[in-house]
């Protein structure tokens, strides 16, 4: 999976300098001179993070986050600003910044922030992928198997489940074995974890 | 004793007395010939009177005839003196007529002595005693000489001359009119009486003595009256002269006092540049004593460096003297005795006197006034500067951002270069490029600081030729990030090829900055149809007009003028000095600043600058 840092700053000189800095750290950088250009050129699946100048004309951090979400992207955003005052910082964090740095920013600090953001993106991305997988497995279950799974996860014994469903214990066992197989769970504990992550209600 | 014996000697005596009196006047004033001519006429009449008396007392025809013949001698003298009295006293009478009268009378006298008896009589046939006023006088019975008509003609010529002269005097008008009439009519009357009586006697209508002297007495009395009133007039004139002399002396004294005590240094200079008069203030201003100045060249009061050219200026001024200030709007310096320069305001006035043309220079030492003006100017500039600094304070966030950008770029570039250099395969081309960019960014930061410092420092006002459009662009660049932060959009309508204006760059930037900040402030609570400012420039006749329009709430109509007054503000924060300072600056550039409300909402501040 490719990792890209999206760099957005309306000041060409700053953009160039930052791009060089990130490139020197071996990062894959794509630079944009305006938030609009960035949103238009964004690939929703792209991984990495966004480094964004917070003092650009017409920029609203919250709207940017929404625009990102609308494009199916959950890229973490690092805000850069010329002003390091508290009201601006608070506003940036409320707008969903993962980090907030004051210009001129030290290269190591910025790179550390970017690495953290990328790591976070990566883990979020991994979790999202696992959940999707579990959901896919859950989707293969029949209605009866889902009911059995829910009751198993709720901690009922086979006999109790049979009583609940108005069937015999043997039938429950068959369903249960099929659920374990479909969910690729090796143990009851794992099945419970998968069901939890899969958002089974 | 008879009346005739009394009256005729009295007439003669009176004539002699009057003649003597006027002779005395003439001796005192030989240049005045009227009294002399009068005296001669009066003595002639006295002689005539005496001879007439002798004729009236004559006992033989021979005696009577001889007297009658000699009577023409004083008669001739009388004629001549009368004619020239009229000419001298009244300055009137035709000369050819005068000579005609005299010539005729001379012929009469000549004929008189060539005739048997006289010009009047061919012969005296008898001598009668005729009663007159209870007395008996001798009257001749005669044969009339035909030449006697010549005598009558000479009388007529005299009347014509006198009447003509009297008319001329009358027409001239004035005070002499009455005198001319009196003397003229008295002579005409006397001559007419004589001519008429002669006619009656010669034609034999009456038997009576001539009584010529009695008629001429009228003339003598009239003339004496006029001459006497001349004496009276002279006395009056003398008195008036004395009074006016006193007044003149008083006014001269007042003039001297005024000049002496004048608060200005007054220096009177003749056409050659020599000082003729100075006053007390001159001594005080220039440090010289009066006696060191009078009679010396005025150049000593001027600084050495202009002494050479001053003579030329003075020459031109003498050629075309008119009251005016010296130096025509330039500072004029004088020189104190100790050598230091004195700043003066000098006005020149030409003075004409009997003794020639002078120039009166009136000078005021304006060093103190200039010092005060300078202090006021400094104070005003201080205020302008302080308000600029305060305004930049408002813009500090924006300015920090402007400075931060290049610094951020430099830091990133430098750290990138460090990292590149730490790598195994160093990309020198990349590093070289980075260093080039660092240099550019550093220059950019320096430029921001330079702009800031220009605005912050307090410089002498310096007038340059400026393009208003450039100014507007520079200011907008300075405010760029502030405008972005406040979400204000600026559009410009700048006329191409504007005539340049003369002005102080920093101060005019200050005006534009101030107007832009005000426009932003006016739209803090949202503008109509978005926060937008329009900056316009356009030539308008001999000036360039610049305007800044916002879409704020506008200005109450009553405040359009007031907002330019100090300490008048509509903002919650602010001293209310911004627009007052703008007005001071614009006025200092010879321009005008005013406010108006836009038809579509919002306000516009306009100002003009002479191009």
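Values quoted throughout were computed directly from the atomic coordinates according to the rules given, and no laboratory measurement underlies them. Not measured: the values here are computed from a predicted model. As a convention, Cβ positions derive from the backbone with ideal geometry for all residues, glycine included, and neighbour counts pool all protein chains shown.
The table below gives the values:
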| item | result |
| --- | --- |
| Fewest-first ranking of B:96, B:147, using other Cβ atoms within 10 Å as the exposure measure | B:96, B:147 |
| log10 of Debye I(q)/I(0), alpha-carbon scatterers only, for region B:433-580 at 0.10, 0.15, 0.20 Å⁻¹ | -0.43, -0.93, -1.40 |
| Using a Förster distance of 35 Å, the FRET efficiency for residue A:28-residue A:85 (Cβ separation, nearest 0.05) | 0.60 |
| Spacing of the two label points (7 Å from each Cα toward its C-beta) at residue A:174 and residue B:306, in nm | 12.8 |
| Theoretical FRET efficiency, 1/(1+(r/R0)^6), r = Cβ-Cβ of residue A:153 and residue A:45, R0 35 Å, to 0.05 | 0.60 |
| Chain A: angle of helix A:107-139 to the longest principal axis, Cα-based, in degrees nearest 10 | 20 |
| Evaluated over region B:1-148, the Cα radius of gyration and Dmax, each in Å | 17.4, 51 |
| Helix-only mean residue ellipticity at 222 nm for the protein assembly as shown, each DSSP H run of n ≥ 4 adding -39500 (n - 2.57), per residue, nearest 500 | -19500 deg cm²/dmol |
| Cβ neighbours within 10 Å from other chains - mean over B:397-407 | 4 |
| Shielding of B:530-541 by partner chains, average beta-carbon count, 10 Å | 0 |
| C-alpha center-to-center spacing [region A:63-119, region A:1-26] in angstrom | 14 |
| Tail beyond 29 Å, pair distance distribution of chain A (Cα, percent) | 43 |
| Gain in span if fully extended, residue B:400 to residue B:316, counting 0.36 nm per residue against the direct Cα distance | 23.9 nm |
| Antiparallel %, DSSP beta bridges [both residues in the protein assembly as shown], to 5 | 70 |
| Likely footprinting exposure, B:313, B:401, B:606, fewest C-beta neighbours within 10 Å first | B:313, B:606, B:401 |
| Debye-sum result for region B:506-611 in log10 I(q)/I(0), which assumes one identical scatterer on each alpha carbon, at q = 0.12, 0.14, 0.19, 0.23 Å⁻¹ | -0.37, -0.51, -0.95, -1.36 |
| Residues A:169, B:52, sorted so that the one with the fewest Cβ neighbours within 10 Å comes first | A:169, B:52 |
| Cα Rg, Dmax (largest Cα-Cα span) when computed across chain B, Å | 53.6, 181 |
| Helix B:367-394 axis, angle to chain B major axis (alpha carbon atoms, nearest 10°) | 30 |
| Cα centroid separation - region B:473-524 against region B:35-73, whole Å | 120 |
| Nearest-ten-degree value, helix B:3-28 long axis tilted from longest Cα axis of chain B | 30 |
| Tensor-based shape of region A:93-201 (alpha-carbon gyration tensor, a/c under 1.5 rounded, otherwise prolate or oblate) | prolate |
| Distance histogram in 10 Å bins (all Cα pairs of region B:72-201, percent per bin) | 12, 36, 29, 16, 6, 0 |
| Kirkwood Rh in Å, taken over all unlike Cα pairs in region A:16-126 | 14.3 |
| Solvent-free Debye scattering, log10 I(q)/I(0), computed from the Cα coordinates of region B:146-201 at q = 0.14, 0.18, 0.21, 0.25 Å⁻¹ | -0.42, -0.60, -0.73, -0.89 |
| Relative pair counts by distance (%), Cα atoms of region B:224-364, 10 Å bins | 11, 35, 26, 11, 9, 6, 2, 0 |
| Size-normalised alpha-carbon gyration radius of the protein assembly as shown, reference 2.2 N^0.38 Å | 2.30 |
| Alpha carbon centroid spacing (whole Å) that separates region B:125-185 from region B:546-611 | 102 |
| FRET efficiency, residue B:178 to residue B:292 (Cβ-Cβ, R0 60 Å, nearest 0.05) | 0.50 |
